[in-house]
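Step one of this worksheet: look at the structure below.
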Amino acid sequence: MINVLEAELLKVRTRWMPYVLFLMMVGGAAVNMWLAGYLEWKQDPSAEFSGQAYRTFVFPYSIAVLLDSGQFWGSAIFVGILTSSCVSTEYNWGTVRQVLVRGQSRAGYLAVKIAALAILCAAFLLAALAVGLFFSVWATSLADAPITLDVRDGPSLPEIGLMIFRAALGILPYGLLAFMLSTVGRSTALGIGGTFGYIIAEGIGVAILQGIGGLAADLSDVALGRHAAGLVAANRIGSGEYNSMAFREFADPAKLPDPNVGALVILLYCLVFLAITFTVFLRRDIRVHQ
Amino acid sequence: MISSAASPPVLRTTGLTKRYGKRLALCDLTLAVERGRVYGFLGPNGSGKTTAISLILGLLSSTAGHTELFGLDTRAHLAPALKRVGAVLEGVDFYPHLSGRDNMRICGAISGGVEESRVEEVLETVGLSGRARDKVRGYSMGMRQRLALAGALLHDPELLILDEPTNGMDPAGMREFRDLIRELGRGGKTVFVSSHLLNEVQQMCDEVGIVKEGRLIAQRSVTDLLEGGRLELRATDTEAALDVLRSLDFVHGVTREGDLLVVDARHDRAAEISRALAGRGVYLHELHPQENTLEDFFLEVTTEGEAA
């Protein structure tokens, strides 16, 4: 006998999609650690930007790098695509009606789906992080650098947990955005395209507002991406730059929103996305072949 | 439809109405199904059967009216009421990348937890044990319907609501399904089944309701509907035969179609009719008993007014 959450996990873990997305994340981590890190540094260790490349792959600096890149691409690729697909296929397959006529409440259905997706996304992204860290440790040993947390401004184990939590919090609203779009639109394309579009449009919008400066620059602090960037920036070890795979400016943490405020703003965004999702789904007519 | 105070109808709809913009999909549907009855819900395509079932199951919100399941108003108690219902919906599919067995395990989990042995039992009941490990994407439509029926039976519900459950089934499958529904009815289950296969419905239902253009236009017990029948005869002297037949008190009416006389009388009166005609020197060429059928009744009520 399995319970509702196990049933939800069974639906997703038996699909090929999470594994393909996981491989993409691992591929991204490999590019980040080897191409943008070790190989760039090894080409000419005395070059102007070799320090930046060194801080990309060497452990423990790599933890912040992987979480930075992982927050961006984990939101856009892994969580956005997987969430949109898992939600909208229930409509396409007609299985959402199968669930609802069995006495599962609509709110319960959404809650279990969110919980299952959160568990799966966390498991796969942590696995990708682990593989990325393995690459980092390997590259660090090849560079004859010590593998230790005991570096200047290096994190303790609990601090590493906090760093992972910050990155996860930066991913959460994008997952809920994809969940909202695919639930409201009953479309995988809308969920994925909408989440991608939001990330890109927000990045452009923030850049324009920052360029204008003054009040416009202050207005850009409303953007979700600025707060996610602020959270991830709080993970940095030391003050040196690194080669991130995230498509965003390597901003000075002092110019980004405070991470604690950012966490609250992100939670507010999450509440708004959840409220829209539940309101629409609880009132919706579920018809054949929607 | 009179329900006792002790036991409310298993299913009752009161003034159930659904409107999509200007289009009225279902209008003022009021019906009740008592415990242990098999109710056939009939109607031409697009008449509102699936809309009615979707409203009963809470998939659609009604424009007016409400539904009670087991005496519980579904506006307030939908989820607990549905735990006691099994449904086969038109167009419902399963997770194609999972096996039939895993799909049943998921159905069982949503229904509140079902033992593995029960999963095997229902798969056996619908004849899918041998294909339970295969992925559903490889199933034929008939097999998917069987799986849907297995899913509906999984948690041993008190009420089964079935929307066109034999779609895509082969004749043997339809016969097995009909036998299964009869057996469930005899076992005290209540069944509400929509179908356009009138012969099937006639053989398995206790009662039928016919819906047309969103309105319930007739509701009858199948026994009442089939009772009676008529006799068709040809005689040596049609005019004289007509006079004789009209004089018989057990003949409720006679119509003439050329030399064919259609007599509204019970089949067991055939010998008396023959004797009465012979007594007046009129002899029979032919005498055929004709059964009343659900199809006749259905066509009569659904085409009423169309000729005009």
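The values are calculated or read from the model by the stated rules, or taken from the named source; none is laboratory data. Here the structure is a predicted model, which means the values were calculated and not measured. As a convention, Cβ positions derive from the backbone with ideal geometry for all residues, glycine included, and neighbour counts pool all protein chains shown. Keep in mind that these areas ignore ligands, DNA and RNA; they rest on the heavy atoms of the full protein, side chains included. Shrake-Rupley method; radii C 1.70, N 1.55, O 1.52, S 1.80 Å.
Considering only the range A:248-258, I want to know if a residue exists there that is in a helix (DSSP H, G or I) and either under 30 Å from A:ARG287 (Cα atoms) or open to solvent by 70 Å² or more (accessible area, probe 1.4 Å) (or both). Within the range A:248-258, one or more residues are in a helix (DSSP H, G or I) and either under 30 Å from A:ARG287 (Cα atoms) or open to solvent by 70 Å² or more (accessible area, probe 1.4 Å) (or both). For A:SER62, the conditions (1) open to solvent by less than 10 Å² (accessible area, probe 1.4 Å); (2) within 14 Å of chain B (Cβ to nearest Cβ); (3) hydroxyl-bearing (Ser, Thr, Tyr); (4) touching a residue at least 60 places away in the same chain (Cβ under 8 Å) all hold with the exception of (2). Taking the criterion of being in contact (Cβ under 8 Å) with a residue 40 or more places away in the chain and hydroxyl-bearing (Ser, Thr, Tyr), would at least one residue in the range A:97-105 satisfy it? No, there is no match, as no residue in the range A:97-105 is in contact (Cβ under 8 Å) with a residue 40 or more places away in the chain and hydroxyl-bearing (Ser, Thr, Tyr). Checking B:ARG133, B:ARG137, B:ARG105 one by one, the residue that is charged (D, E, K, R) and at the interface with another protein chain (Cβ under 7 Å from one of its Cβ atoms) is B:ARG105 and no other.
Within the range A:109-150, the residues that satisfy the criterion of being among the β-branched types (Val, Ile, Thr) and more than 24 Å from the chain's Cα centre (by Cα) are A:THR140, A:ILE147, A:THR148.
Which one of these is at pLDDT below 90 and more than 14 Å from chain B (Cβ to nearest Cβ): A:ARG236, A:ARG287, A:ARG248, A:ARG226?
From the options A:ARG236, A:ARG287, A:ARG248, A:ARG226, the qualifying one is A:ARG248.
Within the range B:75-90, is even one residue acidic (Asp, Glu) and open to solvent by less than 50 Å² (accessible area, probe 1.4 Å)? Taking every residue of the range B:75-90 in turn, none turns out to be acidic (Asp, Glu) and open to solvent by less than 50 Å² (accessible area, probe 1.4 Å). Screening A:ALA275 against (1) surrounded by 13 or more Cβ atoms within 10 Å (Cβ to Cβ); (2) among the aliphatic types (A, V, I, L, M); (3) not in a loop (DSSP other than H, G, I, E, B) leaves a single unmet condition, (1). Scanning the range B:260-273 for residues that are over 32 Å from the mean Cα position of the chain (by Cα) and surrounded by 13 or more Cβ atoms within 10 Å (Cβ to Cβ) gives B:LEU260, B:LEU261, B:GLU272, B:ILE273. In the condition set (1) away from chain B (no Cβ under 14 Å); (2) open to solvent by less than 30 Å² (accessible area, probe 1.4 Å); (3) charged (D, E, K, R), A:ASP144 is compliant with all but (2). Any residue that is under 19 Å from the mean Cα position of the chain (by Cα) and of a type in the set (Gly, Ala, Ser) - is there at least one of those in the range A:43-60? Among the residues of the range A:43-60, not one is under 19 Å from the mean Cα position of the chain (by Cα) and of a type in the set (Gly, Ala, Ser), which makes the answer no.
Identify the residue in the range A:1-42 that is of a type in the set (S, T, N, Q) and within 10 Å of chain B (Cβ to nearest Cβ) and, among all such residues, is most open to solvent (accessible area, probe 1.4 Å). Top of the filtered list is A:ASN3. Just one of the listed residues (B:LEU277, B:LEU294, B:LEU284) is under 29 Å from B:LEU216 (Cα atoms) and modelled with pLDDT of 85 or more, namely B:LEU294. Note on the range A:278-288: among residues that are over 30 Å from the mean Cα position of the chain (by Cα) and among the hydrophobic types (A, V, I, L, M, F, W, C), the one that is most open to solvent (accessible area, probe 1.4 Å) is A:VAL288.
Scanning the range B:203-242 for residues that are under 17 Å from B:GLU257 (Cα atoms), assigned to a helix (DSSP H, G or I) and open to solvent by 70 Å² or more (accessible area, probe 1.4 Å) turns up just one, B:GLU239. Scanning the range A:91-118 for residues that are facing chain B (nearest Cβ under 7 Å) and part of a helix (DSSP H, G or I), we see that the one that is surrounded by the fewest Cβ atoms within 10 Å (Cβ to Cβ) is A:THR95. I'd like to know if the range A:70-81 contains one or more residues that are away from every other protein chain (no Cβ under 14 Å), open to solvent by 40 Å² or more (accessible area, probe 1.4 Å) and farther than 28 Å from A:ARG248 by Cβ. No, the range A:70-81 contains no residue that is away from every other protein chain (no Cβ under 14 Å), open to solvent by 40 Å² or more (accessible area, probe 1.4 Å) and farther than 28 Å from A:ARG248 by Cβ. Would you pick out the residues in the range B:62-95 that are within 7 Å of chain A (Cβ to nearest Cβ) and in contact with a helix residue (DSSP H, G or I) (Cβ under 7 Å, 6 or more places away or on another chain)? Selection gives B:ALA87, B:LEU89, B:GLU90, B:VAL92, B:ASP93, B:PHE94, B:TYR95. Filtering the range B:63-84 for residues that are closer than 26 Å to A:VAL280 by Cα, touching a residue at least 40 places away in the same chain (Cβ under 8 Å) and not in a strand (DSSP E or B) leaves a non-empty set. Screening A:PHE49 against (1) open to solvent by 40 Å² or more (accessible area, probe 1.4 Å); (2) modelled with pLDDT of 95 or more; (3) more than 14 Å from chain B (Cβ to nearest Cβ) leaves a single unmet condition, (2). Every test in (1) modelled with pLDDT under 95; (2) surrounded by 19 or more Cβ atoms within 10 Å (Cβ to Cβ) is passed by B:SER3 save one, and that test is (2).
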